[in-house]
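First up is the structure itself, then whatever we jot down about it.
The values are calculated or read from the model by the stated rules, or taken from the named source; none is laboratory data. Here the structure is a predicted model, which is why all the values come from computation and not from measurement. A quick note on method: Cβ atoms are made from the backbone with ideal geometry, for glycine too, and the neighbour counts reach across all protein chains shown.
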Amino acid sequence: MLTSWFHSGETLRSRRVSEVVLSGVVDVPAPPVRLLADWDREIASNVVLEPGDVDTLPLARARMRWPDYTRCVRAVSDWTATLGIPQVLAASDVALMACRGARYHHDGNQYGGAAFCNLFLSEDKGLDVFFPASGVRVPLTRGTVLLFDPCQPHGVVPRGASAFDEADFASDRDCIQVFLTWELSIEEPRVAQPLGVVFDVVEADCVAPEDEQLWLNGAPVDVCPHSGRWRRAG
């Protein structure tokens, strides 16, 4: 069993990691040319994404050049409402992100208490988000939305591929994806229920770790960045 230890207030709490990935495609307009050019300059001069990197872009500046930002947020909010999670985005942190592919990773050492909701803004560039543990694959195109447990290993790879290879994301290839991401509280029952998250799954007499981490069958684990397979942490 894959277990996440996460901060709940001042204590660490355990939960089962969900393999559920909820996805869809919503109707959002293409970002304006002026905004796309600004993102290109930011990535070229300040963010400098290497193959496999995921990093933040300045959202406040983007919103000044993005008349349809509110429309994008509304589209995702309407989609989460169809999952039985209405009005959850308004209370959640949001960030603007960019990636040049993504090495396989999990976010359980920092975001065990969250579910991620992502809206992809770039055009179809022949890439998938792939979850190797569950085999779920979601093609990325403008308007793709995802709701998933970030403790589940995931990466961005070429369509149909299963391994991450830096050579697939060379600087001369147009392979950068830009997306909005919201952090939803995993302890919110309306979020936990559709993902099938079960809490307090470790025996009461078990000694908890000192900080957030993932356990597989009672031992800390990490993910191979190229294959997505589990490996013993450390």
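Counting just the residues of region 146-194 that are small (G, A, S) and either buried (at least 17 other Cβ atoms within 10 Å of the Cβ) or at pLDDT 95 or above (or both), which one comes out nearest to the chain's Cα centre (by Cα)? Spell out the reasoning first.
Residues of region 146-194 that are small (G, A, S), as a first pass: 155, 160-163, 167, 170-171, 185, 192.
From what's left, either buried (at least 17 other Cβ atoms within 10 Å of the Cβ) or at pLDDT 95 or above (or both): 155, 161-163, 167, 185, 192.
Numbers: G155: 9, A161: 19, S162: 18, A163: 18, A167: 23, S185: 14, A192: 16 Å.
That would be G155.
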Residues that are among the β-branched types (V, I, T) and in contact (Cβ under 8 Å) with a residue 60 or more places away in the chain, drawn from region 80-119: T80, I85, V88, V94
Filter result for the condition that a residue is within 19 Å of T141 (Cβ to Cβ) and charged (D, E, K, R), over D53, D27: D27
Count - residues of region 1-25 that are farther than 19 Å from V207 by Cα and over 15 Å from the mean Cα position of the chain (by Cα): 1
Those helices (runs of 4 or more DSSP H) lying entirely in region 25-96 with at least 3 residues in contact with a Pro (Cβ under 6 Å, 6 or more places away or on another chain): none
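Based on what the data block shows, is S18 surrounded by 14 or more Cβ atoms within 10 Å (Cβ to Cβ) and assigned to a strand (DSSP E or B)? Step through it out loud before you land on a result.
On the way: surrounded by 14 or more Cβ atoms within 10 Å (Cβ to Cβ): yes; assigned to a strand (DSSP E or B): no.
No.
If we scan region 135-155, do we find a residue that is among the charged types (D, E, K, R) and part of a helix (DSSP H, G or I)? Steps first, answer last, please.
Going residue by residue through region 135-155, those that are among the charged types (D, E, K, R) are 137, 142, 149.
Imposing the further condition that a residue be part of a helix (DSSP H, G or I) reduces the set to none.
No: zero hits.
Considering region 118-134 alone, what residues qualify as being small (G, A, S) and surrounded by 22 or more Cβ atoms within 10 Å (Cβ to Cβ)?
If we filter region 118-134 for residues that are small (G, A, S), which is where we start, we get 122, 126, 133-134.
Selection gives S122 alone.
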Complete set of residues in region 201-234 that are surrounded by 10 or more Cβ atoms within 10 Å (Cβ to Cβ), at positive phi and more than 18 Å from the chain's Cα centre (by Cα): G218
Residue match in region 195-205 (condition: closer than 24 Å to V25 by Cβ and assigned to a loop (DSSP other than H, G, I, E, B)): yes
Tally, over region 63-95, of residues that are loosely packed, with under 13 Cβ neighbours inside 10 Å, more than 27 Å from A37 (Cβ to Cβ) and hydroxyl-bearing (S, T, Y): 1
